[in-house]
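Q: Got a structure for you, questions after.
Rule-based calculations on the coordinates, nothing more; no lab input. None of these values were measured; they are calculated from a predicted model. Every residue, glycine as well, gets a Cβ built from its backbone with ideal geometry; the counts of neighbours run over all protein chains shown.
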2 protein chains.
Amino acid sequence: MIILVDQDGPLADFEKGFLDAWRTQFPNEHFVPLHQRRTFYVRDDYPKELRDKVESIYFAPRFYLNLPPVNGSLEALKMLVELGHDVRICTSPLSRYENCVLEKYQWVEKHFDRDFTKRIVLSKDKTIIRGKLLIDDKPVIEGGETAEWEHILYDCSYNQEVGNKKRLTWANWKDVLVF
Amino acid sequence: MIILVDQDGPLADFEKGFLDAWRTQFPNEHFVPLHQRRTFYVRDDYPKELRDKVESIYFAPRFYLNLPPVNGSLEALKMLVELGHDVRICTSPLSRYENCVLEKYQWVEKHFDRDFTKRIVLSKDKTIIRGKLLIDDKPVIEGGETAEWEHILYDCSYNQEVGNKKRLTWANWKDVLVF
């Protein structure tokens, strides 16, 4: 069974990486604690006048590479592979792709190994990628096709309003994914 | 209609880029003229003792970025888009991904524009990408799934032995792709 897993959110902790970098680089600016995050795009949770500063965090070299793994995510993915599933990391690059594209590969090699990078599928449009399931924190995933996969929501503070999808974290995935 | 187009071969002229760089960097070594290329992977057409030198050409920084476009390819792709087709650039990175991953994006931006990079799908396994057609110079394309697309062979000297597929070049594509 092909299981697609989004990278930023379910695997790489973009939210923690962003907030840590934000508080380090702009210690006197307003910040949104992790449990108070309400929008999918972090920039939309910050005042407009801070937009450039917010973007400077995740456009910076090494931001993506240095994201910490989400607790339990690496172990869960390895277990899914051991169970015989065809796991792919399905991730959309930023439109400003300069740093994130390469660093997404480097991140996977750093936390798994080089061979695991063969599982990466980079596409702005995830609806054209085949799979049985897509584990993704984005509330609604649109694209050019009607997706083949079922969207399993990776449970986050900013996607609580989505009511019609199964949701999981790496603490409860074995109960949610019943094969 | 989703039309997937491979990048190296149909769009970026890997063969010319390789041979030009080879003859510049190793002018006294044996070389294989373009019309005499017989294997899909260029390294397999060269003696084993030259393997490291061969690989040093395409692992080098800026090799992918500097590949010349195949004659007529850019115009054909733009025309396919104008005709209303959903064109995606479907490309497999090298396992040594360090330079080629980013440079594939930069190449598309250089020869089309930044917006066109949103059409890129990077995947080692093309069978999990959905589409009606895949235009690709690789003789046989395998992966984890039975592909949804029809493989249209991009006609090259090194894939002449494949007999059971439609083939095209950018000189005759309008006759081959009858929509």
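Q: Provide a whole-number value for the mean count of partner chain Cβ atoms within 10 Å of the Cβ atoms in peptide B:88-96.
A: 2
Q: A further question follows. What is the calculated FRET efficiency for B:Asn172 to B:Thr146, with r their C-beta to C-beta distance and R₀ = 22 Å, to the nearest 0.05? Kindly include the intermediate steps, with their values, before the conclusion.
A: Details: r = 28 Å, r/R0 = 1.29.
It comes to 0.20.
Q: Under 5 Å between amide hydrogens, which residues at least 5 positions from B:Val121 or on another chain qualify, with H placed 1.01 Å from N in the peptide plane?
A: B:Ile89, B:Cys90, B:Thr91
Q: So what are the ³J(HN,Hα) numbers for the range A:78-87, from phi and the Karplus equation (6.51, -1.76, 1.60; θ = phi - 60°), rounded to whole Hz, Gly and Pro as x?
A: Calculated HN-Hα couplings, in order: 4, 5, 4, 5, 4, 6, x, 7, 8, 8 Hz.
Q: Calculate for chain A the 222 nm mean residue ellipticity that helices alone would give, adding -39,500 (n - 2.57) per DSSP H run of length 4 or more and normalising by residue count, nearest 500 deg cm²/dmol.
A: Details: 5 runs with 46 residues, N = 179.
Helix-only estimate at 222 nm: -7500 deg cm²/dmol.
Q: Would you mind working out the magnitude of the charge dipole of the range B:14-58 relative to its Cα centre, with +1 at each Lys and Arg C-beta and -1 at each Asp and Glu C-beta, to the nearest 20 Debye?
A: 100
Q: Each label point is 7 Å from the Cα along the Cα-to-Cβ direction; what then is the distance between the points at A:Asn28 and A:Glu49, in nm?
A: 1.4
Q: Report, for B:Asp113, each distance to the same residue's label point in the other copies, shortest first and in nm; define the point 7 Å along Cα→Cβ.
A: 4.5
Q: Need one word for the range B:1-135: rounded, prolate or oblate. Basis is the Cα gyration tensor (sqrt eigenvalues a ≥ b ≥ c); a/c below 1.5 gives rounded, then a/b vs b/c decides.
A: Taking the square roots of the gyration eigenvalues as a ≥ b ≥ c, the range B:1-135 is prolate.
Q: What is the Cα radius of gyration of the range A:81-120 over 2.2 N^0.38 Å, N being its residue count?
A: Ratio of Cα Rg to 2.2 N^0.38 Å: 1.27.
Q: Hey, another quick one. Search the structure for amide H atoms under 5 Å from the amide H of B:Ile2, placed 1.01 Å from N in the peptide plane, and list their residues when 5 or more places away or on another chain.
A: Distant-sequence amide H within range of B:Ile2: B:Asp86, B:Lys132.
Q: Among the listed pairs A:Lys48/B:Lys110; A:Lys126/A:Lys166; A:Lys118/B:Lys138; A:Lys132/B:Lys126; A:Lys118/B:Lys118; B:Lys132/B:Lys166, which are separated by more than 24 Å between their Cα atoms? Don't jump to the answer; show the numbers that get you there.
A: Numbers: A:Lys48/B:Lys110 31 Å; A:Lys126/A:Lys166 18 Å; A:Lys118/B:Lys138 18 Å; A:Lys132/B:Lys126 16 Å; A:Lys118/B:Lys118 21 Å; B:Lys132/B:Lys166 14 Å.
Those over the limit are A:Lys48/B:Lys110.
Q: Mind listing P(r) for the range A:72-179? All alpha-carbon pairs, 5 Å bins, whole percents.
A: Percent of pairs per bin, in order: 2, 11, 20, 23, 24, 16, 5, 1.
Q: Skipping prolines and chain starts, which residues have an amide H placed within reach, meaning under 5 Å, of the one on A:His151, given they are 5 or more residues away or on another chain?
A: Long-range HN contacts for A:His151: A:Leu134.
Q: Then there is this: When a/c reaches 1.5 or more, the comparison of a/b and b/c decides; with that in mind, is the range A:14-58 rounded, prolate or oblate per its Cα gyration tensor? List each step's numbers first, then the result.
A: Numbers: a/c = 1.37, a/b = 1.10, b/c = 1.24.
Note, shape of the range A:14-58 comes out rounded.
Q: Only bridges with both residues in chain A count here: give the DSSP antiparallel percent, nearest 5.
A: So the antiparallel bridges in chain A amount to around 5 percent.
Q: Find the percent of Cα-Cα distances in the protein assembly as shown that exceed 36 Å, and round it to a whole number.
A: Details: 16820 of 63903 pairs.
That fraction is 26 percent.
Q: Remind me, relative contact order of chain B in percent, using alpha carbon pairs under 8 angstrom and six or more residues apart?
A: Taking the mean separation of contacting Cα pairs over the length of chain B, I get 28 percent.
Q: May I ask you to report, in nm to one decimal and beginning with the shortest, the distances from A:Phe179 to the same position in the other copies, taking label points 7 Å along Cα-to-Cβ?
A: Output for A:Phe179: 4.1 nm, nearest copy listed first.
Q: Using a label point 7 angstrom from Cα along Cα-to-C-beta, what distances in nm, from shortest up, separate B:Asp52 from the other copies?
A: Result for B:Asp52, in nm, nearest copy first: 5.0.
Q: Also, I was wondering about something else. Enumerate the lysines that B:Lys53 could reach by cross-link, defined here as Cα to Cα under 18 Å, with residues fewer than 8 away along the same chain left out.
A: B:Lys16
Q: Shielding by partners for B:117-130, please: the mean number of other protein chain Cβ atoms within 10 Å of each residue's Cβ.
A: Per residue, the number of nearby Cβ atoms from other chains is 6 on average.
Q: Follow-up question, since we're still on this one. Between the range A:133-170 and the range B:87-107, what is the C-alpha centre distance in whole Å?
A: Centre-to-centre distance over Cα atoms comes out at 28 Å.
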